[in-house]
Amino acid sequence: MDTIAAIATGHSPTAIGIVRVSGEGCFALCDKVFRTANGRPFSEQPSHKMAFGEMLDARGRVIDQGLAVRFPGPHSYTGEDSAEFHCHGSPVVLRELLDALFAAGARQAKAGEFTQRAFLNGRLDLTQAEAVIDLIDAETAAAARNAAAQLDGGLRRVLEPIQDALLDITSRFYAVVDYPDEDIEDIRPEQVAEALSSAEAQLTALLATCQRGKVLKSGVRTAIVGRPNAGKSSLLNALAGYERAIVTDIPGTTRDTVEESVLCGGVLLRLIDTAGIRDTADIVEQKGVERSRKALGSADLVLAVVDGSVPLTAEDLEVLRLAAESPRWIAVFSKCDLWDTRTRSVGIVGSPAPAASVTLSSVTGEGLDELEAAVAALFPAGDPKEAGSLLTDQRQEEAVRRARDAVRRAQDALNSGLTPDAVLTDAEEALDALGELTGRTAKEEIVSRIFSRFCVGK
């Protein structure tokens, strides 16, 4: 492949900047832009060890002093000869070095091209390639740990035993049918049934991780709803840690949705502060209320805020009723610092009941820990050992679901007494779906396993 180059550390000024190079002729090209302090050409430097020297521009003038390291293929990230330059992170310096590499024969790498080459050269499977971007985009420590474990092959290690079991029954069947003269043990129906049952159970369990995986990767879409002046914007600001939304004593201040991402109980919440839900003649406020109802309908979690310093109103009851239609909701009684003995006792209205009911003050912070505990209970982190084995995006979920459905069809065919080829057609469909994640082609694997059953020397 041709040689590509790119700035790997972004375009903002930093203490250290990195320029990455990869492809055929990489080291000879780097010799033109890097002069080592020890006098040996860069192409002759020891692999995986930093060399100190000077970066040169296209005219041979010194741009900066820094470090460079060579990674001979196939033991590199991309699987081909690669190099990195570590210099001061001035955007001007990095751009000059990149231009020098272009003048020497490299071209600008496309977005994701280094990782694409790693995949094409067999250094990563698709799940690992997807984990790279997940690791870059991780917004919580848990998300980073899961992405790092998936990059280490965590999901592949869950899928491969399922593939192996399905490959075993398909290859044995074809070996017996196509090569009857070979001394190959026939596969019994109960063995097929056991393999299919085990595969179905494992794939179903894997699909059950989708919710946790999506929460780790994308967070929880959370709508804060309530009547005007219930304390919604104050709650958003308290969770965000700064004044993200305008707060006044005037009802109806928030007339559009305000969004912010926060960590609450270790869970990433995509908060949406909505306009107060009430009947109003104000056209602008009407549109805000309409958007509030839409946000409520699409939310994974609803925080229904009620002003606990005053008796419940009809508008409060309507908010609680709407919140109860959501898949998950928490009743939040705000302004507890203003409560007195007459208003401190409030009832919960809503069917089904909320997952939790908390009282808090966004001013003093009292009760926020209760809200964090309620959110954490709704979206548990799960077993740390699961890291890397969660389905985190729609493509992974769809492939596993297709594999599980194909296995179920194979089970139905077997139980209905259909011929073995009908059963194995569905088993192969399952293998093809799993191959989209692991990169192992079903046809090639089956052929390989067929001949592995032959007697030695044949």
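The figures follow:
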{"read-out": "Search result, residues across the range 12-23 that are on the phi < 0 side of the Ramachandran plot and surrounded by 14 or more Cβ atoms within 10 Å (Cβ to Cβ)", "value": "Thr14, Gly17, Ile18, Val19, Arg20, Val21, Ser22"}
{"read-out": "Qualifying residue in the range 60-70 (condition: at pLDDT 95 or above and under 23 Å from Leu124 (Cβ atoms))", "value": "yes"}
{"read-out": "Subset of the range 1-22 [under 13 Å from Leu98 (Cβ atoms) and part of a strand (DSSP E or B)]", "value": "Ile4, Ala5, Ala6, Ile7, Gly17, Ile18, Val19, Arg20, Val21"}
{"read-out": "Top-ranked residue in the range 212-240 [being within 15 Å of Ile272 (Cα to Cα) and open to solvent by 50 Å² or more (accessible area, probe 1.4 Å); ranked as modelled with the highest pLDDT]", "value": "Arg221"}
{"read-out": "Pair list, Cβ under 9 Å, 6 or more apart: the range 55-71 residue over 20 Å from Gly25 (Cα atoms) and in a strand (DSSP E or B), other residue open to solvent by 20 Å² or more (accessible area, probe 1.4 Å) and basic (Lys, Arg)", "value": "Val62/Arg35"}
{"read-out": "Helices (runs of 4 or more DSSP H) wholly inside the range 105-163 containing at least 2 residues that are among the charged types (D, E, K, R), in contact with a helix residue (DSSP H, G or I) (Cβ under 9 Å, 6 or more places away or on another chain) and crowded, with 20+ Cβ neighbours inside 10 Å", "value": "126-137"}
{"read-out": "Which listed residue is more than 15 Å from Ser90 (Cα to Cα), in contact with a Phe, Trp or Tyr (Cβ under 7 Å, 6 or more places away or on another chain) and either open to solvent by less than 60 Å² (accessible area, probe 1.4 Å) or in contact (Cβ under 8 Å) with a residue 24 or more places away in the chain (or both), from Cys26, Cys30", "value": "Cys30"}
{"read-out": "Criterion violated by Leu371 - all others in (1) out of contact with any strand residue (DSSP E or B) (no Cβ under 8 Å at 6 or more places or on another chain); (2) buried (at least 21 other Cβ atoms within 10 Å of the Cβ) satisfied", "value": "(1)"}
{"read-out": "Answer from Ser292, Ser309, Ser326 - the residue that is modelled with pLDDT under 75 and either crowded, with 16+ Cβ neighbours inside 10 Å or in a helix (DSSP H, G or I) (or both)", "value": "Ser292"}
{"read-out": "Residues of the range 23-51 that turn out to be of a type in the set (A, V, I, L, M), part of a loop (DSSP other than H, G, I, E, B) and closer than 24 Å to Ala118 by Cα, as a count", "value": "1"}
{"read-out": "Where Thr280 falls short, out of the listed (1) in a loop (DSSP other than H, G, I, E, B); (2) among the polar types (S, T, N, Q); (3) at pLDDT 65 or above", "value": "(3)"}
{"read-out": "Matching entry among Glu96, Glu80 (being assigned to a helix (DSSP H, G or I) and either in contact with a strand residue (DSSP E or B) (Cβ under 7 Å, 6 or more places away or on another chain) or open to solvent by less than 60 Å² (accessible area, probe 1.4 Å) (or both))", "value": "Glu96"}
{"read-out": "Check on Asp421, open to solvent by less than 40 Å² (accessible area, probe 1.4 Å) and more than 16 Å from the chain's Cα centre (by Cα)", "value": "no"}
{"read-out": "The range 171-211, subset among the hydroxyl-bearing types (Ser, Thr, Tyr) and at pLDDT 80 or above, residue least open to solvent (accessible area, probe 1.4 Å)", "value": "Thr209"}
{"read-out": "Meets criteria (open to solvent by 20 Å² or more (accessible area, probe 1.4 Å), assigned to a loop (DSSP other than H, G, I, E, B) and of a type in the set (Gly, Ala, Ser)) for Ser357", "value": "no"}
{"read-out": "Matching residues in the range 384-409 - criterion: being of a type outside the set (A, V, I, L, M), open to solvent by less than 60 Å² (accessible area, probe 1.4 Å) and under 17 Å from the mean Cα position of the chain (by Cα)", "value": "Glu386, Gly388, Ser389, Thr392, Asp393, Gln396, Glu397"}
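The values are calculated or read from the model by the stated rules, or taken from the named source; none is laboratory data. Small disclaimer: the values here were computed from a predicted structure and weren't measured. Every residue, glycine among them, receives a Cβ derived from its backbone with ideal geometry; neighbour counts consider all protein chains shown. We work out accessible area using only protein heavy atoms, side chains counted, and drop any ligands, DNA or RNA first. Shrake-Rupley method; radii C 1.70, N 1.55, O 1.52, S 1.80 Å.
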